[in-house]
Amino acid sequence: MPELPEVETVVRGLRGPLLERTFLEVEVRWARSVVTGADALRRGLPGRRVAAIDRRGKYLVFRFDDPRTLLIHLKMSGNLLVEPDHAPRDPYMHTVFQLDNGHQLRFRDPRKFGRIYLTADPATVLGQLGPEPLHDEFSADDFRALCRRRKGVLKTLLLNQEFLAGLGNIYAGEACFLAGVDPRRQISTLDDAEVERLYHAIRRTLRHGIVHRGSSLDSVYRGGEFQNHFQVYGRENQTCFTCGTNIERVMLGGRSTCFCPRCQR
DNA sequence: CTAAAATCCTGGTGGC
DNA sequence: TGCCACCAGGATTTTA
């Protein structure tokens with residue numbers, strides 16, 4: 001589930017049930033998911049009251065009245081649910097955070113790729129991330145400057161979180177379509193007009209995703225409906241909604257990438 | 001240095 | 001129906 005719009009949707013959904021709540025004990029059933037140590041999490045989290053929940057790239061950021069910060073990355077299959085203590089649990093809820101109101105924050109993650117950090121220095125985890133594409137201060141000029149000092153294949157670069165934070169395979173592909181740019185292009189070959197189209201396409205695609213509460217794909221994430229608006233993702237051999245040409249699929253940086261060979265040049 | 005491949009995991013799907 | 005290879009929203013590490 002987790003690209004920027006899905007993570008943003010999760011964050012917004014958690015604020016109501018979690019703000020002002022205090023964490024009690026933590027049950028860790030898959031220790032490797034806690035990068036900063038399961039024991040340290042079990043010792044350090046109880047008593048922390050949630051003061052703010054934010055997003056940075058694809059990370060959820062929980063702030064307390066305390067220097068320590070809880071970071072969660074959902075990776076491929078993670079989701080966060082707030083449910084009553086007695087609500088049935090399935091086998092994929094690998095970490096359960098007890099709250100002070102008879103509810104639990106449950107980290108459900110069938111593929112076990114998700115990662116949890118409790119650290120007083122979140123910059124060690126978040127510090128390498130590129131700019132937030134939706135920030136007001138992130139301008140077209142900033143994006144052009146970013147592009148001009150990089151090289152490589154466009155789509156691969158868009159997936160690099162140190163370049164720009166938050167895009168994943170779906171939204172990177174959709175943004176290339178909206179910009180009318182071939183994802184296989186070397187970034188150095190894009191002229192200024194193309195870079196500007198891409199800037200607006202990225203922001204529009206992400207905002208569009210958020211408005212629709214993200215994409216529901218397999219059984220992992222439910223709630224959003226942006227999957228009904230995909231122009232190219234997962235549409236190999238179907239016709240382009242714009243021109244009727246067959247959508248093609250290629251592998252770029254090991255990720256499958258769909259595009260319209262006529263609309264994207 | 002850079003790019004590709006392997007790795008971490010499990011579940012679902014499509015082909016035979 | 002049953003088995004198996006392959007693929008999947010991510011990102012880091014290893015290899016070439």
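Worth pointing out:
- Within the stretch A:69-92, the set of residues being surrounded by fewer than 19 Cβ atoms within 10 Å (Cβ to Cβ), touching a Lys or Arg at 6+ places or on another chain (Cβ under 8 Å) and part of a strand (DSSP E or B) comprises A:Leu81, A:Val82, A:Glu83.
- Taken over the stretch A:239-265, residues that are within 15 Å of DNA strand C (Cβ to nearest atom) and of a type in the set (S, T, N, Q) amount to 2.
- Sub-8 Å Cβ pairs linking a first residue in the stretch A:238-259 that is without any contact (Cβ under 8 Å) to a residue 60 or more places away in the chain and surrounded by 12 or more Cβ atoms within 10 Å (Cβ to Cβ) to a second residue that is outside any strand (DSSP E or B) and of a type in the set (Ser, Thr, Tyr), at least 6 apart or interchain, are A:Thr239/A:Thr245, ordered by first then second residue.
- Summed over the stretch A:178-230, the residues that are closer than 20 Å to A:Cys260 by Cα and of a type in the set (Val, Ile, Thr) give a count of 6.
- A:Leu24 being in a strand (DSSP E or B), within 14 Å of DNA strand C (Cβ to nearest atom) and of a type in the set (A, V, I, L, M): no
- Look at the stretch A:159-184: where a residue is among the aromatic types (Phe, Trp, Tyr) and a partner is near DNA strand C (Cβ under 8 Å from one of its atoms), sitting 6+ places away or on another chain with Cβ atoms under 8 Å, you get A:Tyr171/A:Glu3.
For every residue, the table says whether it meets (1) surrounded by 15 or more Cβ atoms within 10 Å (Cβ to Cβ); (2) at pLDDT below 95; (3) touching a helix residue (DSSP H, G or I) at 6+ places or on another chain (Cβ under 9 Å).
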residue: A:Pro5; (1), (2), (3): yes, no, yes
residue: A:Leu14; (1), (2), (3): yes, no, no
residue: A:Glu20; (1), (2), (3): no, no, no
residue: A:Val34; (1), (2), (3): yes, no, yes
residue: A:Ala38; (1), (2), (3): yes, no, yes
residue: A:Gly44; (1), (2), (3): yes, no, no
residue: A:Gly47; (1), (2), (3): no, no, no
residue: A:Ala52; (1), (2), (3): no, no, yes
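- Whichever residue in the stretch A:174-222 is closer than 22 Å to A:Arg55 by Cβ, within 13 Å of DNA strand C (Cβ to nearest atom) and charged (D, E, K, R) and, among such residues, is surrounded by the most Cβ atoms within 10 Å (Cβ to Cβ): A:Glu174
- Residue, nearest to A:Phe177 (Cα to Cα), within the stretch A:215-265, restricted to residues that are within 14 Å of DNA strand B (Cβ to nearest atom), small (Gly, Ala, Ser) and in a loop (DSSP other than H, G, I, E, B): A:Gly234
- Close contacts from the stretch A:190-210, counting a first residue that is at pLDDT 95 or above and among the aromatic types (Phe, Trp, Tyr) and a second that is assigned to a helix (DSSP H, G or I) and surrounded by 20 or more Cβ atoms within 10 Å (Cβ to Cβ), with Cβ to Cβ under 7 Å and a gap of 6+ residues or different chains, come to A:Tyr199/A:Phe143.
- Qualifying residue in the stretch A:142-163 (condition: modelled with pLDDT of 95 or more, closer than 25 Å to A:Gly254 by Cβ, of a type in the set (Ser, Thr, Tyr) and away from DNA strand B (no atom under 16 Å from the Cβ)): no
Quick grid of which residues meet (1) in contact with a Leu (Cβ under 8 Å, 6 or more places away or on another chain); (2) free of Cβ contacts under 8 Å to residues at least 12 places away in the same chain; (3) of a type outside the set (A, V, I, L, M, F, W, C):
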| residue | (1), (2), (3) |
| --- | --- |
| A:Gly78 | no, no, yes |
| A:His86 | no, yes, yes |
| A:Thr95 | no, no, yes |
| A:Gln98 | yes, no, yes |
| A:Phe107 | yes, no, no |
| A:Asp141 | no, yes, yes |
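- Within the stretch A:30-50, residues that are closer than 13 Å to A:Ile72 by Cα have Cβ atoms under 9 Å from residues that are among the aromatic types (Phe, Trp, Tyr) in these pairs: A:Ser33/A:Phe107; A:Ser33/A:Phe113; A:Val34/A:Tyr117; A:Val35/A:Tyr117; A:Thr36/A:Tyr117; A:Leu41/A:Tyr117, counting only partners at least 6 apart in sequence or on another chain.
- Some residue of the stretch A:112-135 being of a type outside the set (Ser, Thr, Tyr), more than 15 Å from DNA strand C (Cβ to nearest atom) and free of Cβ contacts under 8 Å to residues at least 40 places away in the same chain: yes
- Of the numbered criteria (1) without any contact (Cβ under 8 Å) to a residue 24 or more places away in the chain; (2) over 22 Å from A:Gly223 (Cβ atoms), the one A:Pro67 fails is (1).
The values are calculated or read from the model by the stated rules, or taken from the named source; none is laboratory data. Small disclaimer: the values here were computed from a predicted structure and weren't measured. We place every Cβ from the backbone using ideal geometry, glycine too, and count neighbours over all the protein chains shown.
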